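Structure first, then comments.
Only the coordinates and a few stated rules stand behind these numbers; no lab work does. Worth saying up front: this structure is predicted, and the values here are computed from it rather than measured. Glycine gets a Cβ as well: all are built from the backbone with ideal geometry, and neighbour counts include every protein chain shown.
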Amino acid sequence: MKRLNSQLQEDGAPLELILLIRTLLAGCKEISFRVGQGELAGVLGSTLSDNVHGERQKKLDVISNQIIKDILKESGYVKAISSEEEDDVVPCHPEGKYLVSFDPLDGSSNTDINSLIGTIFSILHAPQWMEPDDPSAFLQPGTQMVAAGYVLYGPSTMLVLTTGRGTHIYTLDKTHGGFLLTKDNVQVPEDTKEFAINMSNQRHWEPPVQEYVSDLLAGETGPRGKNYNMRWVAAMVGDIHRLLCRGGIFAYPYDNRDPKKAGKLRLLYEANPMSFLMEQAGGMASTGQKRIMEIMPKEIHQRVPVVMGSKNEVEAMVAYYDKAE
């Protein structure tokens, strides 16, 4: 099997980017070990503090964030980092060529039930004229990403990565500690009969989403003319991994519970990197009204509605928004 380094070289990634990705993954392997220890290491459960978003932090949120922050700050390749768990950007090396944004532990509410969780990340070129503590350096559209991926901590630890030359899946071989290529150039089926959405929020959705999901539930006798199954992991990494492996549509739309919030998922830490992976695999990613990767961020913790997955199904959902307009 091909090693990660070989595939990155084949895809034309520059040496410094390869070294940065390897450094980041060293942190993820440490997180994988901590997750695997679970209750034995006393890392499960919540802390007594909330993060910048007002969400109660899990112990593994804090541990994972510190592991990645420390390893990237010491690497010398990174000018600054932004994390879902940090209030502000974290300056690193003034001469670093890259910026890294990450969600250290997506789906951390699943830690206590031993379900799927993961680390999501994206990498940008660092504007050399900006200071390392300047958050505006991160305000680049997703089209400027040079790499994005996630590490899924499941029955096996898997890396899904793109540098703009296709989406590839690697599996951590724990006998020697390296990631080996197990599926290259993943392609998401254009059609699907599976959808992933948090149905408990249905009463809060906008009319286009209400109508779309209602038509899915109507099955083969409804407007869509086929029966759908719903799957929901409650961790974006788990739901998106399923889509990349066998197709489907994932949606976390805007809802009216808090009109000031454009959605639940964060543009820099979740929506952009997953959109890059999805598009490189032949899928589609939208807010319902525009391509996610073309959004110009206004601040580092910006939220957006998300619809992504099998191309024809995403286009079908977008059509409900178009009709409403």
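See the values below:
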| item | result |
| --- | --- |
| Nonlocal amide H pairs with V146, under 5 Å, H built at 1.01 Å | I123, L124, H125 |
| Summed side-chain charge close to I120 - residues other than I120 whose Cβ falls under 10 Å, Lys, Arg +1, Asp, Glu -1 | -3 |
| Scaled radius of gyration (Cα, divided by 2.2 N^0.38 Å) that region 203-248 gives | 1.33 |
| Region 4-183 - charge dipole about Cα centre, Lys and Arg +1 at Cβ, Asp and Glu -1, debye rounded to 20 | 640 |
| Calculated from backbone phi, Karplus (6.51, -1.76, 1.60) coupling profile of region 207-220 in Hz, x at Gly/Pro | x, x, 6, 4, 5, 4, 5, 4, 5, 5, 5, 6, x, 5 |
| Those chymotrypsin sites (Phe, Trp or Tyr not before Pro) in region 103-141 that DSSP places in a loop and that have at most 13 other beta carbons within 10 Å | W129 |
| Sorted by Cβ density within 10 Å, fewest first, the residues L17, L243 | L17, L243 |
| Alpha carbon convex hull of the chain, volume per residue in cubic angstrom | 129 |
| Of K97/K183; K193/K290; K193/K323; K29/K193; K183/K226, those spanning more than 27 Å from alpha-carbon to alpha-carbon | K97/K183; K29/K193; K183/K226 |
| Long-range Cα-Cα pairs in region 181-230 (distance over 19 Å), rounded percent | 40 |
| Under-5 Å amide H pairs with I295, H placed in peptide plane, nonlocal only | G142 |
| Between helix 15-37 and the chain: long-axis angle, C-alpha atoms, 0 to 90°, nearest 10 | 80 |
| Over the chain: helical MRE at 222 nm, DSSP H runs n ≥ 4 each giving -39500 (n - 2.57), nearest 500 | -9000 deg cm²/dmol |
| Cβ-placed point charges (K, R +1; D, E -1), dipole of the chain about Cα centre in debye, nearest 20 | 620 |
| Scattering profile of region 194-324 at q = 0.12, 0.21 Å⁻¹ [log10 I(q)/I(0), Debye over alpha-carbon scatterers] | -0.41, -1.36 |
| Neighbourhood net charge (12 Å Cβ-Cβ; Lys/Arg +1, Asp/Glu -1) for G178 | +4 |
| Rg to Rh quotient for region 100-182, alpha carbon positions, Kirkwood Rh | 1.05 |
| Beta bridge orientation in region 73-133: antiparallel %, DSSP, nearest 5 | 65 |
| Placed amide H near V233: partners under 5 Å, 5+ positions off or other chain | D239 |
| Ranked list, fewest to most other Cβ atoms within 10 Å of each Cβ, for M296, M274 | M296, M274 |
